[in-house]
Amino acid sequence: MSSLVKCPHCGLRPREEFTIRGEVAAPRPDAGADEAVWFDHVYLRDNPRGENREYWHHSGGCRRWLVLSRNTLTHETSDVVDASTLKAEGRA
Amino acid sequence: MMRYSALSLLGNAFSKNKNWKPAWRNPDPKPHYDVIIIGGGGHGLATAYYLSKVFGVRNVAVLEKGYLGSGNIGRNTTIIRSNYLLEGNNPFYEFSMKLWEGLEQDFNFNAMVSQRGVINLFHSDAQRDAYTRRGNAMRLHGVDAELLNRDQLREKLPFLDYENARFPIMGGLMQARGGTVRHDAVAWGFARGADRNSVDIIQNCEVTGIDRDGDQITGVQTTRGAIRCNKLAMAVAGSSSHVAKMVDMRLPIESHALQAFVSEGLKPFIDTVVTFGAGHFYVSQSDKGGLVFGGDIEGYNSYAQRGNLACVEHVAEAGMAMIPALSRVRILRSWGGIMDMSMDGSPIMDRTHLSNLYFNGGWCYGGFKATPASGYCFAHLLATDAPHETATAFRMDRFARGYLLDEKGVGAQANLH
């Protein structure tokens, strides 16, 4: 990854415009879910060496939440989509 | 193995320096060890050193995937300090500071331990109160701390931008016993000390798999063949999640890159370590004259041992805000290490769900100053199966039990610690 991120709405933009939220985790558990399920959701991470899907907020631009597919070894991004499209497809 | 002394220096000088011996052997792996330590960084080598020296476990191997000093131990900004607030942290880091103070005599190696003082600047009334509280907590634990006002600071550090419009410098909290240590020499000194106690340090040996029989570890697969062991210890900060995955363990850890920088050599300029409390910038001057400094982590998960330019700019800006004179200084080098950012910003040192696997990681970017105590306490855990008295708060289950050790108070957000 260079210091540029390709926002699907704004095009190539400097990385400083973005706020990073981290790994796209499994959907939030029910409020009454087991303690172990909540522990897993809040604290544990896959933290993969390779492809990682993560939330980036274009806070200094269009203010949309994006989902980046990024290789954590090379910093290369292969896919950037608006988070809402993933939600519509039931993938996040 | 030769001992270093004034006499050995003199003797070797008269024999034209032809008789110096390597500081450690380069052995082939044996088929079986009592303890295998994965990771030949500072913490792994310190663990091997204290395990063999203090606890008498001699049949030990340290497996390092690269060469000694190629990981975080050679990529940090060399600062040592014990200015911690929380009950679970403070005694541990002070234990570490005391080990630093006697380290060179202990392992007979010059690590250039320099207690030049660490000053954390504050810029607002709230920050002053927070540092006052921290200083009081330190003194209650028997750690030295001194609150300096603006005039005292001006005398010590005349080059700071006191009139900064946004973050005027109001004073600082100083720990005079804090300072810097030559990081490579820490690795070499511990390696030499462990080697002298017959620990095998095996370089260029990457662990590719972990063999199990039920909940018992039987050995490891490596790029230099299979090796069996009675106990397996992980000290691979930066790659903790990756190695833990080999035994289906998920961790409350993310990997992030942190960069460090060094400038061209300057005449003596800064004789302490100074941190800019408003942003995240810290600087000291090496004995060669280069300014050594760093700032925030990149903020996104990374296993690449390099950083990106956005962070270089950010660090340079924070440095300029603190010391305007830096604008004319050239940055010579930057390097990036991979940090285990844990969910509460504190380390994890404990047994695991497997009966003879031990874990040491999650040091965020505070691992260097902890090196000796981390090694000592991990050796204690490996030898006795009980945590050392200063490391009881670093348990693996603290997240599930609600006993977070959140020094910074930002919650379960790895990239904010």
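The values are calculated or read from the model by the stated rules, or taken from the named source; none is laboratory data. Since the model is a prediction, treat every value here as computed from it, not as a measurement. Using ideal geometry, Cβ is built from the backbone for each residue, glycine included, and neighbour counts are taken over all protein chains shown.
Scanning region A:52-67 for residues that are in a loop (DSSP other than H, G, I, E, B) and surrounded by 18 or more Cβ atoms within 10 Å (Cβ to Cβ) yields a single hit, A:58. The residue list B:148, B:153, B:160, B:121 contains one member that is part of a loop (DSSP other than H, G, I, E, B) and either touching a strand residue (DSSP E or B) at 6+ places or on another chain (Cβ under 8 Å) or at positive phi (or both), which is B:160.
Of the candidates B:189, B:178, the single residue that is surrounded by 21 or more Cβ atoms within 10 Å (Cβ to Cβ), out of contact with any Asp or Glu (no Cβ under 8 Å at 6 or more places or on another chain), touching a residue at least 40 places away in the same chain (Cβ under 8 Å) and of a type in the set (Gly, Ala, Ser) is B:178. Among residues of region A:75-89 being in a loop (DSSP other than H, G, I, E, B) and touching a Lys or Arg at 6+ places or on another chain (Cβ under 9 Å), the one that is farthest from the other protein chains (Cβ to nearest Cβ) is A:76. Based on what the data block shows, is residue B:67 in a helix (DSSP H, G or I) and modelled with pLDDT of 95 or more? No: the conditions fail for residue B:67.
Set side by side, the residues A:28, A:13 differ, and just one is within 13 Å of another protein chain (Cβ to nearest Cβ) and either out of contact with any Asp or Glu (no Cβ under 8 Å at 6 or more places or on another chain) or at pLDDT below 95 (or both), which is A:13. Per the listing B:409, B:402, the residue uniquely surrounded by fewer than 24 Cβ atoms within 10 Å (Cβ to Cβ), within 22 Å of residue A:42 (Cβ to Cβ) and away from chain A (no Cβ under 14 Å) is B:409.
A Cβ distance below 6 Å, combined with a sequence gap of six or more or placement on separate chains, defines the contacts here; from region B:292-310, residues that are within 10 Å of chain A (Cβ to nearest Cβ) reach residues that are among the β-branched types (Val, Ile, Thr) and crowded, with 23+ Cβ neighbours inside 10 Å in the pairs B:301/A:72; B:302/A:72; B:303/A:72; B:303/B:338. Has region B:194-201 got at least one residue that is more than 29 Å from residue B:294 (Cα to Cα), among the charged types (D, E, K, R) and touching a Phe, Trp or Tyr at 6+ places or on another chain (Cβ under 6 Å)? Yes, region B:194-201 contains at least one residue that is more than 29 Å from residue B:294 (Cα to Cα), among the charged types (D, E, K, R) and touching a Phe, Trp or Tyr at 6+ places or on another chain (Cβ under 6 Å). Are any of the residues in region B:34-49 surrounded by fewer than 19 Cβ atoms within 10 Å (Cβ to Cβ), assigned to a strand (DSSP E or B), at negative phi and modelled with pLDDT of 95 or more? Yes, region B:34-49 has at least one match. Is one or more of the residues making up region B:326-344 without any contact (Cβ under 8 Å) to a residue 24 or more places away in the chain and under 20 Å from residue B:314 (Cβ atoms)? Scanning region B:326-344 turns up at least one residue that is without any contact (Cβ under 8 Å) to a residue 24 or more places away in the chain and under 20 Å from residue B:314 (Cβ atoms).
Evaluate the following for residue B:254: is it buried (at least 21 other Cβ atoms within 10 Å of the Cβ) and of a type outside the set (A, V, I, L, M)? Here the answer is yes, as residue B:254 does meet what is asked. Scan region B:109-145 for residues that are among the charged types (D, E, K, R) and surrounded by 15 or more Cβ atoms within 10 Å (Cβ to Cβ) and the total you get is 4. Screening residue B:336 against (1) within 14 Å of another protein chain (Cβ to nearest Cβ); (2) more than 17 Å from the chain's Cα centre (by Cα) leaves a single unmet condition, (2). Considered as a group, the residues in region A:31-51 that are in a loop (DSSP other than H, G, I, E, B) and more than 10 Å from chain B (Cβ to nearest Cβ) include one that is surrounded by the most Cβ atoms within 10 Å (Cβ to Cβ), and that residue is A:33. For region B:209-254, the tally of residues that are away from every other protein chain (no Cβ under 14 Å) and part of a strand (DSSP E or B) stands at 22. For region B:389-412, the set of residues classified as assigned to a loop (DSSP other than H, G, I, E, B) and farther than 20 Å from residue B:83 by Cα consists of B:395, B:396, B:397, B:402, B:403, B:411, B:412, listed by residue number.
Being closer than 18 Å to residue B:190 by Cβ, surrounded by 15 or more Cβ atoms within 10 Å (Cβ to Cβ), in contact with an Asp or Glu (Cβ under 7 Å, 6 or more places away or on another chain) and among the aliphatic types (A, V, I, L, M) is the requirement here; does residue B:60 meet it? The answer is yes for residue B:60. Among the conditions (1) touching a strand residue (DSSP E or B) at 6+ places or on another chain (Cβ under 6 Å); (2) surrounded by fewer than 22 Cβ atoms within 10 Å (Cβ to Cβ); (3) closer than 19 Å to residue B:78 by Cα, residue B:329 misses just one, which is (3).
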